[in-house]
1. Hey, got a sec? Which trypsin sites (Lys or Arg not before Pro) in the stretch 9-92 land in a DSSP loop and have at most 11 other Cβ atoms within 10 Å?
2. Run through the DSSP bridge list for the chain and note the antiparallel percent, rounded to the nearest 5.
3. Using a 10 angstrom cutoff on alpha carbons, build the Gaussian network for the chain and name the most mobile of Gly23, Gly83, Gly69.
4. Using a cut-off of 20 Å between alpha-carbon atoms, which lysines can reach Lys17, once sequence neighbours fewer than 8 places away in the same chain are excluded?
5. Summing +1 for each Lys or Arg and -1 for each Asp or Glu, what net charge is found among the other residues whose Cβ lies under 15 Å from the Cβ of Val112?
6. Amide H neighbours of Asp46 under 5 Å, counting only residues 5+ apart in sequence or on other chains, H built in-plane at 1.01 Å?
7. Which entry in [x] 8.3; [y] 10.2; [z] 7.3 matches mean projected area of the Cα convex hull in nm² derived from the coordinates of this structure?
8. Amide H of Ser118 versus every other amide H placed in the peptide plane: which residues, excluding those fewer than 5 positions away on the same chain, fall under 5 Å?
Amino acid sequence: MITTAKIRSTNRAARGKGARAEGLLLKQLTDIGYEVRRTHLSMFPDIIAWNENEFLLIEVKQRADTKTGISSALSVFRASVKGVTKWHKDARLLCYLRVNDNWTAFEWINGVTVEIKSFV
């Protein structure tokens, strides 16, 4: 039997892992010259980053190395992007997925999620 306390504990652990992944990405982006802000909202984006040339809206996900975990993270990203009604015309919409201590980056381009080279 799954108890409310167990669900709460699982959700708290998942949020903690996600927060650590966001913190790591913030530091790594700062280290390569981006200005960064964490939104502290539970909706897209988790991080806003920019430099002289780019404006990035980034969703951060931490997942286990399973097909289901990765596809569900990308599904949440797609749904989040579709929920945004307006953004800056030059913004790049990204999902950074942390799996096994490595980043995989995806970008929303013309309605399609495309794997791209990670900045970090």
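The values are calculated or read from the model by the stated rules, or taken from the named source; none is laboratory data. These numbers were taken from a predicted model, which means no experiment stands behind them. Heads up, the Cβs are rebuilt from the backbone with ideal geometry, glycines too, and the neighbour counts pull from every protein chain shown. Each accessible area value is taken on the protein alone, full model and side chains, heavy atoms only, with ligands, DNA and RNA left out. Shrake-Rupley method; radii C 1.70, N 1.55, O 1.52, S 1.80 Å.
1. For trypsin sites (Lys or Arg not before Pro) across the stretch 9-92 that sit outside H, G, I, E and B with at most 11 neighbouring Cβ atoms in 10 Å, the list reads Lys86, Lys89.
2. Roughly 70 percent of the DSSP beta bridges within the chain come out antiparallel.
3. Sorting by GNM fluctuation, first place goes to Gly83.
4. Lys6, Lys27, Lys61, Lys67
5. Summing Lys/Arg as +1 and Asp/Glu as -1 gives +1.
6. Ile58, Glu59, Val60
7. [x]
8. The answer is Ala105.
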